[in-house]
Each structure stands twice: as structure tokens, then as C-alpha cells.
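The values are calculated or read from the model by the stated rules, or taken from the named source; none is laboratory data. These numbers come from a predicted model, not from an experiment. Cβ sites come from the backbone with ideal geometry, for glycine too, and all protein chains shown count toward neighbours. To get the accessible areas, we keep the full protein, side chains included, count just its heavy atoms, and leave off ligands, DNA and RNA. Shrake-Rupley method; radii C 1.70, N 1.55, O 1.52, S 1.80 Å.
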Amino acid sequence: SEWPLRYLVPLVITTSAPCSSGRKFIGLAKVPSTRRATPYSRATWDGTSVALTSLSEQIEPAFALLADVTRHPKFATPEIERLRRQTLDDLRLGLEEPGTVARLAAGRVILGRGLYASPANGTIASIQRLRRQEIIDFHSARYTAGEAVLIIAGNIAADTAFKLAGKNFADWKAAPDK
């Protein structure tokens, strides 16, 4: 099942932010840590999102950070392993909760063995067998211009948003047809 990849890839991307990857963003480095851009991600069965919040005065370096961690994540082995341990711990703890066990069982009864019946963050077995190269391959195939939607909201003028989108994403290509 590809679900563990769909779940873990955005998490690994957002943990690839400057603090964990060694990336340097001069514009953000000069800002107090409480006012820097914050990348985050979310995964569902039907899609993923990678997002970033920032003060409008930091929009240019923040936009560059979002583009970089989305398009060129490091997928550092320590980050992958940290997320693997965290996810496995979450899964094991969930199996100790009667409500979680009941929800998983109901999903199997109602939905069979399909994707939507699977636990949202994979199974212990699927997370244990997941390899870094699978994550890289999944990202290369799915995180492309042809599969993405860029949404910009907040205190930013439309012309500035389009300029930053062009500057940071114009050369992003769709995956080749297979």
C-alpha cells in the first residue's frame, strides 16, 4: 500500500526545514525565532498539503523556504528514522486504546482491505519495511507541478504573490507521462 508514503512524505518534507537540514536562509536567520516562518504538513487518504505560515514582512524568504522544502527535500536518514520511531510508537499506543481498536476493526468490516480501511498512518509492518528510496521515488513521482495546487492567502498583494510564485515555482515541471 502506498498509504505510509502518502503519510510520511509531507512529514519528512516539513522536518527538512533549515533547523534540521542545515539549510541557510539569510532573510529568516535574522528574524527572532518566535517570528520565523513555520512549515507544516497534513496528509489524508486523498491528498497531502505542505504549508507555511509567516509574517508578511518575511514573505520572500518564507516563500523560498516553502518552495525549497517542497521541491528539494533532503530526506535525511535521521529525520526518516525519527519519524519512523514516532509513528511506530503512535501506532503501538493506539492499539492499547479500545476506541482505536474498535475503529480499525469497524473499518475492516465495512471497507474490507481497501485503502480507506487502512489506519491513517500505516501499519506497524508497513512503517517498518518502508525505505528511504521509496520515499524519494514517491516524492519524485507525486510532488510535481502537474500534481500540485499553490494557494496563497493572507496579507499579501496579488501582484506580489504572483511574482513570488513565478520566482520560486516557474521552473517546476510536471512528471513525465508514463
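Accessible area per residue for region 33-178 in Å², computed with a 1.4 Å probe and the full protein assembly in place, what is it?
Value for region 33-178: 64 Å² per residue.
How much accessible surface area, in Å² rounded to 10, belongs to the heavy atoms of residue 137 with a 1.4 Å probe?
Looks like 80 Å² after rounding.
By the scheme Lys and Arg +1, Asp and Glu -1, what is the net charge of all other residues having a beta-carbon under 14 Å from that of residue 78? Don't jump to the answer; show the numbers that get you there.
Values: positive: 74, 82, 84, 85, 132; negative: 79, 81.
So the environment of residue 78 carries a net charge of +3.
Once you charge only the Cβ atoms, +1 for Lys and Arg and -1 for Asp and Glu, what is the size of the charge dipole of region 50-178 about its Cα centre, to the nearest 20 debye?
On the way: 17 positive and 15 negative charges, 108 e Å.
Around 520 debye, computed over region 50-178.
For residue 52, enumerate residues with amide H under 5 Å from its amide H, sequence gap 5+ or separate chain, H modeled in the peptide plane.
40
What percentage of all Cα-Cα pairs in region 74-121 are separated by more than 17 Å? Kindly include the intermediate steps, with their values, before the conclusion.
Numbers: 532 of 1128 pairs.
Roughly 47 percent, once rounded to a whole number.
Roughly speaking, what is the centre-to-centre gap between region 37-59 and region 69-93 when only Cα atoms are used, to the nearest Å?
17 Å
Along the Cα→Cβ direction, 7 angstrom out, place labels at residue 165 and residue 148. What is the inter-label distance in nm?
Distance between the two pseudo-spin positions: 1.2 nm.
Out of 65, 80, 102, whose Cα points farthest toward the positive end of the dipole of region 31-171 (charges: +1 Lys, Arg; -1 Asp, Glu; placed on Cβ)?
Of the options given, the answer is 102.
With a Förster radius of 41 Å, plug the Cβ-Cβ distance of residue 177 and residue 131 into 1/(1 + (r/R0)^6) and report the FRET value to the nearest 0.05.
Numbers: r = 26 Å, r/R0 = 0.64.
Taking R0 as 41 Å, the efficiency between residue 177 and residue 131 is 0.95.
Accessible area of region 32-123 with a 1.4 Å probe: how many percent of it is carbon plus sulfur? Mind showing how you got there, number by number?
Working: 3050 of 5430 Å².
Roughly 56 percent, rounded to a whole number.
Under the rule of at least 5 residues apart or a separate chain, name every residue whose amide H is placed under 5 Å from the amide H of residue 144.
Result for residue 144 returns nothing.
When the Karplus curve 6.51 cos²θ - 1.76 cosθ + 1.60 is applied with θ = phi - 60°, which whole-Hz ³J(HN,Hα) does each residue of region 149-160 get, with x for Gly and Pro?
Karplus values, whole Hz, x for Gly and Pro: 10, 9, 10, 10, 9, x, 7, 8, 5, 4, 5, 5.
Rounded to the nearest 10 Å², what accessible area does residue 101 show when all protein chains are kept and the probe is 1.4 Å?
We get 70 Å² for residue 101.
Through the Karplus equation 6.51 cos²θ - 1.76 cosθ + 1.60, θ set to phi - 60°, convert the phi angles of region 55-64 into ³J(HN,Hα) values in whole Hz; use x for Gly and Pro.
6, 4, 5, 10, 4, 5, x, 5, 4, 4
Can you compute 3J(HN,Hα) from phi for each residue in region 107-121, using the Karplus curve 6.51 cos²θ - 1.76 cosθ + 1.60 with θ = phi - 60°, rounded to whole Hz and x for Gly and Pro?
The phi angles translate into x, 5, 5, 7, 10, x, 9, x, 4, 5, 8, 6, x, 4, 10 Hz.
Using only the heavy atoms of the protein chains and a 1.4 Å probe, how would 74, 163 rank by accessible area, largest first?
Details: 74 100, 163 125 Å².
Putting 74, 163 in descending order of accessible area: 163, 74.
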